[in-house]
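Report on the structure given below.
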Amino acid sequence: MTRPGRLGLGAAACLAIALAGHGCAARVERPTLREALEKPTPAEKLRRDLRQLFQDANVDHANWGVVAFSLSRGELLYSFNAFKLLVPASSQKLFSAAVAAERLGWQHRFRTRIVATGPIGPDGTLDGDLVVIGNGDPTINPRHPERWRAFDDWAAQLAARGIRIVSGQLVGDDNAFEEPGWGAGWAWDDLQYGYGAQASALQYHENQVELLIGPGMEPGARAVISTSPLGSGLIIDHDVVTGPGGGETRLEISRVPGTMFLTVRGVIAADARPRTEYAAVDNPTRMYVNALREALARHGIFVAGSALDIDELKVAPDTGRGITLVRDESPPLAEIIDVALRHSRNIYAETLLYALSPEGRPASAEAGLDVMRETLRSWGVTPESYIARDGSGLSRYDYASANAFSWLLMYLYSDPTHAERFRAALPVAGVSGSLERRMKGAAAEGRVVAKTGSMTSVRSLSGYLTTLDGEPVVFSFLVNGYRVPASEIEAVMDKALDVLVRYRRTP
């Protein structure tokens, strides 16, 4: 791709006109007379080929929004329903990640403290509570191997200070975030799954538990279910049986929001490999402090009291006069954005949104959205082009147009502070992240970097590509309301990207 830089005045003006719907090239929704009667130019052939894909009889029942724009030429290559507001799914993460990078900075780090509310005696007894206070660090999980050891690192620091007994309680202070941490418009039947886990000020293992479900010894026997990590607070209602070998495997988990009872139902074939499911926990803070207590025990520190969420106490510990024993920082925001975009982790994106909240009050989605709207407006992404209700795109109340994503990506491409870093965080076709298995062996492999989005009857893909001639192009595809298998919708998008990558301006 051509080295990113500020778009020239002419290109920027052309861009603005194109995205306003007038275009620097002819409108492309229907063929011109020349296209119909004469041999098409390369640009006309490109528009014709894309039009045939997106308006094919097999997929034209769906609602499409499409934009493709040349970054080096300042030319609209193709546009179809570019203003239409559609549910974007995880493409919404482009907004939250970009605004977080701008407002917080790529080097921003989340902070956690462990505070003692009493003195440490000569015998190693801490006469008081041990309080862990966080502001949303999402990285204490296996995706970050060095962070997965954080609790043991903290315990080792406390042991090095001579602490052997905590006479009081281990308390998780999660008051930096408003609760419950779910987005407006999240479907209630998403909340039991790991991808529906609530964002919180204290996050461990992405606020989810892993269920490993395997067959029993013989057909008819109860299946075997193990959970990790321990101390999740969930109570498993086990109703999975072992079916005959060669039979089908059907598994379903359910939990009423606000309760700790997780029901696991279904059947698993006797010869099936164990299956993994991920369930959101009911109280992330309780799982956090339970895991921290276990780490303390591994380092010879005994907590006499209970491990509690601060909300379970009638009187909160007085940490203002306490002694800070551990200060911890997360990896920089660049690493967090990489996971949010490349692996499309909802809890990371929601954390970014909450982190945008002004200081001085508990962080909330609404406060973060106010900052997001203000920033996007300053970049030229108009309020009429999107409706944002969360940071991850799990909300069915989110809407956006292909124009909105195209403008955002063009702005980032033109900004030296963000261009390379943002592009590097996106999945690569046929190579990495949520695009690893798509476009393999096609001309688009390795030449497309983009954010995917998927939920029932929704698919989206927005990002950058480089043609075989080295021309950089920004694109955005959104589709809602299709009745064909999602794989057919993705195939249309992938074919369109292949057409764009192969585009040559001279025959």
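The values are calculated or read from the model by the stated rules, or taken from the named source; none is laboratory data. Bear in mind the structure is a predicted one, so any value in this text is a computation, not a measurement. No Cβ is skipped: glycine too gets one built from the backbone with ideal geometry, and neighbour counts run over all protein chains shown. These accessible areas exclude ligands, DNA and RNA; they are computed on the full protein's heavy atoms, side chains included. Shrake-Rupley method; radii C 1.70, N 1.55, O 1.52, S 1.80 Å.
Which residues, counting only those in the range 151-182, are open to solvent by 30 Å² or more (accessible area, probe 1.4 Å) and not in a loop (DSSP other than H, G, I, E, B)?
Within the range 151-182, 152, 153, 156, 157, 160, 165 qualify.
In the range 55-98, what residues are hydrophobic (A, V, I, L, M, F, W, C) and assigned to a loop (DSSP other than H, G, I, E, B)?
Correct list: 57, 59, 62, 71, 82, 83, 85, 87.
Go through the range 456-478 residue by residue and tally those that are open to solvent by 10 Å² or more (accessible area, probe 1.4 Å), touching a residue at least 12 places away in the same chain (Cβ under 8 Å) and over 17 Å from residue 438 (Cβ atoms).
Number satisfying all stated conditions: 5.
If only one of 61, 108 is open to solvent by 20 Å² or more (accessible area, probe 1.4 Å) and within 24 Å of residue 370 (Cβ to Cβ), which one is it?
108
Is there any pair linking a residue in the range 300-318 that is over 13 Å from residue 173 (Cβ atoms) to one that is open to solvent by 60 Å² or more (accessible area, probe 1.4 Å) and assigned to a strand (DSSP E or B), with Cβ under 6 Å and at least six apart or on different chains, and which?
Listed pairs, sorted by first residue: 302/165.
Among the residues that make up the range 92-101, is at least one of them open to solvent by 10 Å² or more (accessible area, probe 1.4 Å) and either without any contact (Cβ under 8 Å) to a residue 24 or more places away in the chain or closer than 28 Å to residue 390 by Cβ (or both)?
no
Taking the options 216, 185, name whichever one is on the phi > 0 side of the Ramachandran plot and either open to solvent by less than 30 Å² (accessible area, probe 1.4 Å) or modelled with pLDDT of 95 or more (or both).
185
When you look at residue 167, is it modelled with pLDDT of 95 or more, closer than 30 Å to residue 497 by Cβ and polar (S, T, N, Q), yes or no?
When the stated conditions are applied, residue 167 does not pass them.
Can you pull out the residues in the range 221-277 that are among the hydroxyl-bearing types (Ser, Thr, Tyr) and touching a strand residue (DSSP E or B) at 6+ places or on another chain (Cβ under 7 Å)?
The answer is 226, 227, 228, 232, 242, 249, 254, 263, 276.
Every residue, every condition in (1) in a loop (DSSP other than H, G, I, E, B); (2) modelled with pLDDT of 95 or more, yes or no:
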| position | (1), (2) |
| --- | --- |
| 331 | yes, yes |
| 335 | no, yes |
| 338 | no, yes |
| 352 | no, yes |
| 360 | yes, no |
| 367 | no, yes |
| 372 | no, yes |
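Which residues, taken from the range 356-403, are of a type in the set (Ser, Thr, Tyr), touching a strand residue (DSSP E or B) at 6+ places or on another chain (Cβ under 6 Å) and open to solvent by 20 Å² or more (accessible area, probe 1.4 Å)?
Scanning the range 356-403 gives a single hit, 399.
Could you please find all residues in the range 306-328 being closer than 19 Å to residue 231 by Cα and not in a loop (DSSP other than H, G, I, E, B)?
Within the range 306-328, 307, 308, 309, 310, 311, 312 qualify.
Scan the range 241-283 residue by residue and report those that are open to solvent by less than 50 Å² (accessible area, probe 1.4 Å), part of a strand (DSSP E or B), closer than 24 Å to residue 207 by Cα and hydrophobic (A, V, I, L, M, F, W, C).
If the condition is that a residue be open to solvent by less than 50 Å² (accessible area, probe 1.4 Å), part of a strand (DSSP E or B), closer than 24 Å to residue 207 by Cα and hydrophobic (A, V, I, L, M, F, W, C), then 251, 253, 262, 264, 279, 280 are the ones that fit.
Of (1) closer than 19 Å to residue 343 by Cα; (2) open to solvent by 20 Å² or more (accessible area, probe 1.4 Å); (3) touching a Lys or Arg at 6+ places or on another chain (Cβ under 6 Å), residue 427 satisfies all except one. Which?
That leaves (2) as the condition not met.
Inspect all residues belonging to the range 434-453 and state whether any of them is open to solvent by 10 Å² or more (accessible area, probe 1.4 Å) and closer than 15 Å to residue 100 by Cα.
No, every residue in the range 434-453 fails to be open to solvent by 10 Å² or more (accessible area, probe 1.4 Å) and closer than 15 Å to residue 100 by Cα.
Return the total of residues in the range 408-424 being open to solvent by less than 60 Å² (accessible area, probe 1.4 Å) and out of contact with any His (no Cβ under 7 Å at 6 or more places or on another chain).
Selection size over the range 408-424: 10.
Out of all the residues in the range 328-345, which are open to solvent by 20 Å² or more (accessible area, probe 1.4 Å), out of contact with any strand residue (DSSP E or B) (no Cβ under 6 Å at 6 or more places or on another chain) and not small (Gly, Ala, Ser)?
332, 335, 338, 342, 343, 345
Could you identify the single residue in 150, 100, 155, 57 that is under 21 Å from residue 328 (Cβ atoms), small (Gly, Ala, Ser) and more than 29 Å from the chain's Cα centre (by Cα)?
Going through 150, 100, 155, 57 in turn, the sole match is 155.
Of all residues in the range 228-240, which are open to solvent by 40 Å² or more (accessible area, probe 1.4 Å) and either touching a Leu at 6+ places or on another chain (Cβ under 8 Å) or small (Gly, Ala, Ser) (or both)?
Of everything in the range 228-240, those that are open to solvent by 40 Å² or more (accessible area, probe 1.4 Å) and either touching a Leu at 6+ places or on another chain (Cβ under 8 Å) or small (Gly, Ala, Ser) (or both) turn out to be 228, 235, 236, 237.
Could you look through the range 35-47, keep only residues that are surrounded by fewer than 18 Cβ atoms within 10 Å (Cβ to Cβ) and basic (Lys, Arg), and pick out the one that is farthest from residue 78 (Cα to Cα)?
Restricting to residues being surrounded by fewer than 18 Cβ atoms within 10 Å (Cβ to Cβ) and basic (Lys, Arg), the top hit is 39.
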